[in-house]
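> I am attaching a structure below and will ask some questions about it afterwards.
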Amino acid sequence: MVINMGNYFSKDIETASREKLEEIQSERLAKTVRRVYENVAPYRKKMDEAGITPDDIKSVRDLHKLPFTYKQDLRDSYPYGLFACDMKDVVRIHASSGTTGKQTVVGYTKNDLDMWAECVARALVAAGGSKDDTVHVSYGYGLFTGGLGLHDGATKLGAAVIPASTGNTRRQLQIFKDFGSTILCCTPSYAMYLGDSLAEYGMTKDDIKLRIGIFGAEPWTPGMRQQIEEKLGIAAHDIYGLSEVAGPGVSFDCECQNGLHVNEDHFIPEIIDPDTGEVLPYGSEGELVFTCISKEALPLIRYRTRDISSLTCSCGRTFVRMSKVTGRSDDMLIIRGVNVFPSQVESVLLTIKEVAPYYQLVVDRKNNLDTLEVKVEMTEGIFSDSVKGIEAIEAEIHKKLDSVLGISAKVTLVEPFAIERSEGKAKRVIDKRELK
């Protein structure tokens, strides 16, 4: 039986007082904890082992008492073992790609879908969207949450939706021009590729009506945001989510483009030390943890995302802001004892005009020593636009990377378009150590 968690949707919720938000959070948290204890055997076991009962959780101040949930818990309970409602109440199922293990399966009730669409609609409005827009969704449809998530949010807003999905770049650009797309939703790496492809098909940014971009599903830097904005003539906005928690729309940035507002009436964020699990204060960088307090089918408690971020106080919207995700603790490379994130490399490359923001990190192990090679694409106009030689550019990249990363890396410049383009998430890392 589906239990309504209480309807707090309103145009005023994003600017509610902290006291009101905490009142909503506390009420929903207490109800959610009791539901999962009574209906989800793995959660009941975790809480019993921790000596916690639902009566111990009366407000958000008690959140730290609860045990963490890990992705492995979803895999161990595959496919529906963590669902807190009857399957007859589930109206949609999504799942992760399962590229690093068994798929994680996510279910939604009708109320869950309504909540998710509301969160995405908030993101669209915060970026400047309205019912008068034509929203071009180039995220993948299917088990991946991106396509249908943005689609339903745009529908909730009342905008026209073009369900373009991924693939066929020429057709995507033609649709921009012919259909009058005004908002583009896709991964930032694909947005960059679309911008680079305009000239190839005899178009410029003046031939299209795009004005806003909503990009997520992979980390991207402020420098990449600037390049996308220049190539497509748009304001580029960040949207964050993960399928286990809901999908895109867990948080979003607004016109300030200074951090992403978390939809705190549905998701309580924490930052913890990824090694100790200790809750860290505002402003500290660590692992992002979410507790779902309004979901009915899969209300995860203290779910460890492995994403690295921080939390800060908010602006006009009282929802707390999280910083752009800089990487993932499980995607972080440890090379000769040094922590390396792909986004650090990207931040360096975007300062050098002779190279394109397409790169790959190739990690290997030779004679028991880890090695790092950074393959970087040259721009097509490198020889006509620059007085530097290839060796000088490689030396500049090498010096800057050494300063940022703290380790030495081999830099290899490759021809334009030598690195495979992706219409989904870009493949930034090739770790050959895993094969040895």
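The values are calculated or read from the model by the stated rules, or taken from the named source; none is laboratory data. The structure displayed is predicted, hence computed values, not measured ones. Glycine gets a Cβ as well: all are built from the backbone with ideal geometry, and neighbour counts include every protein chain shown. For accessibility, only protein heavy atoms count, side chains too; no ligands or nucleic acids. Shrake-Rupley method; radii C 1.70, N 1.55, O 1.52, S 1.80 Å.
> How large a share of the accessible area of the stretch 297-403, in percent, is made up of carbon and sulfur atoms when the probe is 1.4 Å and the other protein chains stay in place? Display every interim value, and only then the final one.
On the way: 2330 of 4610 Å².
Carbon with sulfur: 51 percent of the solvent-accessible area.
> Tell me, Kirkwood radius of the stretch 129-212 from alpha-carbon pair distances, in Å?
On the way: mean 1/r = 0.0782 Å⁻¹.
For the stretch 129-212, the Kirkwood estimate is 12.8 Å.
> Let me ask you something else. What whole-number value in Å² describes the accessible area per residue of the chain for a 1.4 Å probe? Before the final figure, lay out the partial values.
Numbers: 18800 Å² over 436 residues.
I get 43 Å² per residue for the chain.
> Let me ask another. Binned at 5 Å from 0, what are the whole-percent values of the Cα-Cα distance distribution for the stretch 96-174, short to long?
3, 15, 21, 21, 18, 13, 6, 2, 0
> Among all the aspartates and glutamates, which ones have a C-alpha under 16 Å from K427's C-alpha, if same-chain residues fewer than 8 places away are not counted?
E218, D330, D331, E346, E373, E377
> Using only the Cα atoms of the stretch 163-306, each taken as one equal point scatterer with no solvent, compute I(q) by the Debye sum, divide by I(0), and report log10 of the ratio at q = 0.14, 0.15, 0.16, 0.20 Å⁻¹.
Normalising to I(0) and taking log10 leaves -0.74, -0.82, -0.89, -1.15.
> Next question, about the same structure. Please name whichever of L311, G259, G241 sits farthest to the positive end of the charge dipole of the chain, dipole taken about the Cα centre and charges placed at Cβ: Lys and Arg +1, Asp and Glu -1.
After comparing all options, I get G241.
> Using only DSSP helix segments of four residues or longer, with each worth -39500 (n - 2.57), what per-residue ellipticity at 222 nm results for the chain after dividing by its residue count and rounding to 500? Mind dumping the intermediate values first?
Values: 11 runs with 124 residues, N = 436.
It lands at -8500 deg cm²/dmol.
> If you take the C-alpha gyration tensor of the stretch 330-417, multiply each eigenvalue by 5 and take the square root, what semi-axes do you get, largest first, in whole Å? Walk me through the numbers on the way to the answer.
Details: eigenvalues 116, 31, 27 Å².
They are 24, 12, 12 Å, listed largest first.
> Report the semi-axes of the equivalent ellipsoid for the stretch 276-338 in whole Å, largest first, where each axis is √(5λ) for an eigenvalue λ of the Cα gyration tensor. Could the numbers behind the result be given before it?
Details: eigenvalues 111, 62, 22 Å².
So the three semi-axes of the stretch 276-338 are 24, 18, 10 Å.
> Would you mind checking the pairs K110/K131; K65/K432; K102/K432; K295/K324; K205/K388 and listing those with alpha carbons more than 32 angstrom apart? Please list the in-between numbers first.
Working: K110/K131 23 Å; K65/K432 40 Å; K102/K432 22 Å; K295/K324 24 Å; K205/K388 29 Å.
In this structure, K65/K432 lie more than 32 Å apart at Cα.
> Using a 10 angstrom cutoff on alpha carbons, build the Gaussian network for the chain and name the most mobile of G327, G241, G167.
Fluctuation is largest for G167.
> Same structure again: What's the whole-number percent of alpha carbon pairs in the stretch 59-133 lying beyond 14 angstrom? The partial results should precede the final answer.
Values: 2010 of 2775 pairs.
Within the stretch 59-133, distances greater than 14 Å cover 72 percent of Cα pairs.
> About its Cα centre, how strong a charge dipole does the stretch 251-324 have in debye, to the nearest 20, once Lys and Arg get +1 and Asp and Glu get -1 at the Cβ? List each step's numbers first, then the result.
Values: 7 positive and 12 negative charges, 30 e Å.
Here the stretch 251-324 has a charge dipole of around 140 debye.
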